[in-house]
Amino acid sequence: MTVTATLAAFAAELDTATIPEAVTNRALALSTDFVGSIVRAAHEAESTPAILKMIEMLGMEGAGPCTVFGLNRRYGAAAAALLNGALGHSLDFDDTHADSSLHPSAPVVPAALAAAELTGASGADFLAAVVVGFEVCCRLGMALDPAAHYARGFHPTATAGTFGAAAAAGRLMGLDADAMASAFGVAASQASGSLQFLINGAWNKRYQVGEASMKGLMAATLVSSGFLGARDAIDGKHGFLGGYSDGATPARAIADLTSVWETSRIGVKPYPACRYTHAAVDGLLTLRQQLDLHPEDVQSVTVGLHRNGITLVGAPLEEKRLARSIVEGQFSMPFAAAVALVRGRFGWDDYDLLGKPEVDALAARVTVVRDESLEGLRHPFGATVILQARNRDHHLRIADPSGEPETFPDADSISAKFKHLAAPVLNGDAEPLLSRLRDLRRAPSLRGWFN
């Protein structure tokens, strides 16, 4: 079978009972973590009012059956998928999959939730669909070759994520393997997402991920209504992999399918910024504590990153040193390093440091270089750090940032992050929502589950 047909059969026909319990548990933890970001962004992300106004102006705000976390009303399915996806990605605090260099929950979970609420699916069926969506988008991201995909200017969470959203929604809508392949055909025409947002700190990144969730849901819904999508849309002559990468390896999309679960390789973020900043922040926080450093003690910092990291958070360096908007801060290694050294932490509330003289002065002493020793490894998120303080150099190599599968947070830590994000804006309703999320697998139907 083709790659398209193989992934379609997997998404449509996977027996829920064969999904390892640990994989289902990981899907639940990741979904819970993601909802915390949705809730906070609904109230505080600077792009939220414009997105809500657009929904209103286009008549998409009409009452429907679907939940948007953090907003005190319900929406139609398309609007809900768009909003939950865009909001959940707005803080850049959502999960990451290292090998595909994308954020799986942002496109997949909102599409699955909207489809589950539309169909009255159970919590267990929802989680199985999330797993399927994660597997599809992560595997396609790996097959694209993230470095080659980035080099073409594409944003993999939005491009590969459209297929993951279609897979999750299509499974809940009961698509068979042929229909799922057709849904992928529709998704291939809709997959989009540009890195041009990096130029001016634009809000495209968060919106295009929400759009990917909505488009995947639309693709599945179209096909469930009898629509015919393109055949072999992933690996055909004019298919997704060939059109979006100069280095695609289609076989990676289906290698070890059902024996290796990419869902278990998804990591959770401890800091609300691009994942390529995290290993260096981990290292700098360690040095700050060990050496009892104050900002004035730091003479210089040199951070070595994978070339993908340079593309996103290291160049052009002078501009990265002068982050002024939240998006610019989310994609600035110098800003992240300065925050860590000034505050001894890096959380959502620390974006109040944007433009502060102390942070600018420290960011000006941060250099970011490509470290080829970090390339060719299994994961691209590592960093090397040389910190000069008190006329002495301190060297660290951080292979992987915290929160990766080997250091995945336990249930209490997931809950703590959720409450840290949700509690300040939910007026006492964070714990009830967290309880509903914890009990999700026992929900007989998700329709009304979060009321």
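Things to note:
- Boolean, Asp371 is modelled with pLDDT under 95 and crowded, with 19+ Cβ neighbours inside 10 Å: no
- Taken as a whole, the condition of being over 27 Å from Ala279 (Cβ atoms), outside the structural domain of Glu296 (by TED's automatic domain parsing) and either in contact with a strand residue (DSSP E or B) (Cβ under 8 Å, 6 or more places away or on another chain) or assigned to a helix (DSSP H, G or I) (or both) does not apply to Leu421.
- Residue match in the stretch 376-397 (condition: hydroxyl-bearing (Ser, Thr, Tyr), modelled with pLDDT of 95 or more and closer than 27 Å to Gly283 by Cβ): yes
- Considering Gly226, Gly236, the condition of being surrounded by fewer than 24 Cβ atoms within 10 Å (Cβ to Cβ) and either at positive phi or among the acidic types (Asp, Glu) (or both) is satisfied by Gly226 alone.
- Residues that are under 17 Å from the mean Cα position of the chain (by Cα) number at least 2 in the following helices (runs of 4 or more DSSP H) confined to the stretch 1-90: 21-44, 77-90.
- Some residue of the stretch 382-397 being surrounded by 14 or more Cβ atoms within 10 Å (Cβ to Cβ), in contact (Cβ under 8 Å) with a residue 12 or more places away in the chain and in a loop (DSSP other than H, G, I, E, B): yes
- Filter result for Ala27 (modelled with pLDDT of 95 or more and either surrounded by fewer than 23 Cβ atoms within 10 Å (Cβ to Cβ) or in contact with a strand residue (DSSP E or B) (Cβ under 6 Å, 6 or more places away or on another chain) (or both)): no
- Filtered by the rule that a residue be surrounded by fewer than 23 Cβ atoms within 10 Å (Cβ to Cβ) and within 26 Å of Arg442 (Cα to Cα), the stretch 121-153 gives Ser122, Gly123, Ala124, Asp125.
- Matching entry among Val313, Val339 (being touching a Cys at 6+ places or on another chain (Cβ under 8 Å) and either β-branched (Val, Ile, Thr) or assigned to a helix (DSSP H, G or I) (or both)): Val313
- Each residue in the stretch 400-431 was checked for being under 22 Å from Ala41 (Cα atoms) and of a type in the set (S, T, N, Q), and 3 pass.
- Applying the condition of being touching a strand residue (DSSP E or B) at 6+ places or on another chain (Cβ under 9 Å) and either in contact (Cβ under 8 Å) with a residue 24 or more places away in the chain or of a type in the set (Asp, Glu) (or both) to the stretch 289-302 and asking which residue is surrounded by the most Cβ atoms within 10 Å (Cβ to Cβ) yields Val301.
- Filtered residue count, the stretch 42-54, keeping only those that are over 23 Å from Asp94 (Cα atoms) and surrounded by 12 or more Cβ atoms within 10 Å (Cβ to Cβ): 1
- Some residue of the stretch 352-362 being within 28 Å of Pro146 (Cβ to Cβ) and not in a loop (DSSP other than H, G, I, E, B): no
- Test for Asp125: is it at pLDDT 95 or above, out of contact with any His (no Cβ under 9 Å at 6 or more places or on another chain), under 20 Å from Ala230 (Cα atoms) and acidic (Asp, Glu): no
- Criterion: in contact with a Ser or Thr (Cβ under 8 Å, 6 or more places away or on another chain), among the aromatic types (Phe, Trp, Tyr) and modelled with pLDDT of 95 or more - qualifying residue of Phe134, Phe163: Phe134
The values are calculated or read from the model by the stated rules, or taken from the named source; none is laboratory data. Since the structure is predicted, the reported quantities are computational estimates derived from the model, not experimental observations. Cβ coordinates were reconstructed from backbone atoms using ideal geometry, including for glycine residues, and neighbour counts include every protein chain displayed.
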